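The values are calculated or read from the model by the stated rules, or taken from the named source; none is laboratory data. What you see is a predicted model; the values in this text were computed from it and never measured. For neighbour counting, all protein chains shown are included, and Cβ atoms are generated from backbone atoms with ideal geometry for every residue, glycine included.
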Amino acid sequence: MRKLKNHLSNLYSLDPKKTIENNIIRKKEILDRDPQFFNNTPIPSWIELSLIDACNRVCSFCPKSDFDVAPNTYQKMNLNLINKLAEDLKKINYQGAFSICGYGEPLLHKDLIEIVNVLGDFGGVEIVTNGDPLKVELLKKIYNSKTSKLIISMYDGEHQIDYFEKMVFDAKIDKNFVILRNRWHDSSDDFGVKLTNRVGNIKIGNQPKIEQRGCYYTSYQILIDWNGNAYLCPQDWDRRLPVGNIMLQDFFDIWNNNVLNKYRKKHLSNQRDISPCNKCNADGKVHGKKHAKVWHKKLKIFNEL
Ligand code: SF4
């Protein structure tokens, strides 16, 4: 393995395991904090948005590789939806963060900058991209928006380090704004990602078993798709069971509804016996323990967390 020297400090590491570890550490500050409350109810610290239902790549560890599961529909999130979400978040004084990632490549959305500038008034906004649509001018625009970090997953090889570092240099932006992640690895390194089956849709690699165990995702985060449908978590690539829709309901009412509370009761009782969780092998306890603890108490769950 090449020894790192003279590279920008924004390249995590060439060891894929270290890259995954650093990714977890980066999110700790926001996901492992004490939760905010509204009406005596803990609210999320992380909202993931899927701006566009399309990706220009086909990666074997991603459900986008199976067009029967996740076809490219090119449907896009509308600015009206973002404004409605912002109104709802103002009502609860939301001060969490956003991840612009989800089920497609966000840089393919032409309103990306406007969207980020609405969300950035509430908290940090990370954009996760494969970097393919990125050029110097777009990088400058993203840097000058309310984006807090741009995370580039490099799937092709080490040569991409020089390519993106030159782009950062040419754009004359703070090098710490961009994080480069090495993800060009093969099955012997789990493709450089935290490999999961995405609720039964990915079977390759050395996958963990599906087991009855707890999950904190529903305690600290929620995912909103292009059309406003809200889902349990980014692992749910089936997208058959929305827990609400942002255009039709208030954000807080979705967050605190009976459907999500039913999942929380299961997850905080160490059960995954309802769909789609009964097909999921993800470790749901990487983040969010403090959020889980307050939900555990609020929902009066007696068995241990
Ligand atoms: S058990 Fe899996 S599918 Fe269910 S909320 Fe947790 S991570 Fe998501």
Filter pass, Thr147 being of a type in the set (Ser, Thr, Tyr), crowded, with 21+ Cβ neighbours inside 10 Å and in contact with an Asp or Glu (Cβ under 9 Å, 6 or more places away or on another chain):
yes
Could you list, in sequence order, all residues of the stretch 264-274 that are surrounded by fewer than 16 Cβ atoms within 10 Å (Cβ to Cβ) and within 9 Å of the ligand (Cβ to nearest atom)?
Ile274
What do you reckon, is Gly205 without any contact (Cβ under 8 Å) to a residue 40 or more places away in the chain, touching a helix residue (DSSP H, G or I) at 6+ places or on another chain (Cβ under 6 Å) and more than 10 Å from the ligand (Cβ to nearest atom)?
no
Can you tell me which residue within the stretch 49-72, out of those that are buried (at least 20 other Cβ atoms within 10 Å of the Cβ) and touching a Pro at 6+ places or on another chain (Cβ under 9 Å), is modelled with the lowest pLDDT?
Lys64
Subset of the stretch 219-257 [β-branched (Val, Ile, Thr) and touching a Leu at 6+ places or on another chain (Cβ under 6 Å)]
Ile224, Val243, Ile246
Among Trp255, Trp237, which is touching a residue at least 40 places away in the same chain (Cβ under 8 Å) and more than 11 Å from the ligand (Cβ to nearest atom)?
Trp255
Being within 19 Å of the chain's Cα centre (by Cα) and either among the aliphatic types (A, V, I, L, M) or more than 27 Å from Lys166 (Cβ to Cβ) (or both) is true for just one of Gly124, Gly96. Which residue is that?
Gly96
Could you say which residue among Leu223, Leu305 is hydrophobic (A, V, I, L, M, F, W, C) and part of a loop (DSSP other than H, G, I, E, B)?
Leu305
